[in-house]
């Protein structure tokens with residue numbers, strides 16, 4: 001069973017990554033329109049899919065393929081947005097704020113550190 005799940009995530013992730021690449025090849029002159037597009041479309045898609053799964057309209061296998069695989073390969077921003085909204089809906093505003101703040105701040109710092117380490 002676990003092999004089937006891994007394959008579903010892998011197939012969905014590959015498809016999502018290819019779609020992200022195809023959108024990102026459009027030239028970004030002074031603003032990263034491709035990345036913005038991927039992040040917003042991915043967030044819309046994960047919201048729709050999680051909503052469908054919550055209603056029981058999406059099987060666990062399709063959730064693995066589309067939510068974990070496709071959306072995960074397309075953009076992890078969609079997962080970040082979904083997790084943040086879940087915390088907010090649960091009333092964990094402080095926890096959500098901490099998660100958002102740490103994710104953005106530490107993410108930018110980690111990219112900077114990675115660049116410094118590559119020198």
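Every condition in (1) part of a helix (DSSP H, G or I); (2) touching a helix residue (DSSP H, G or I) at 6+ places or on another chain (Cβ under 6 Å); (3) free of Cβ contacts under 8 Å to residues at least 40 places away in the same chain holds for residue 16 except the one numbered (3). Of the helices (runs of 4 or more DSSP H) entirely within the range 29-117, those holding at least 3 residues that are within 25 Å of residue 7 (Cα to Cα) occupy 33-54, 60-63, 77-89.
Considering 88, 96, 62, the condition of being without any contact (Cβ under 8 Å) to a residue 24 or more places away in the chain and either touching a strand residue (DSSP E or B) at 6+ places or on another chain (Cβ under 8 Å) or surrounded by 18 or more Cβ atoms within 10 Å (Cβ to Cβ) (or both) is satisfied by 96 alone.
The set of residues from the range 5-27 being over 14 Å from residue 42 (Cα atoms) and modelled with pLDDT of 95 or more comprises 5, 6, 7, 8, 9, 10, 11, 14.
The values are calculated or read from the model by the stated rules, or taken from the named source; none is laboratory data. Predicted, not measured: the structure shown is a model, and the values here were computed from it. Heads up, the Cβs are rebuilt from the backbone with ideal geometry, glycines too, and the neighbour counts pull from every protein chain shown.
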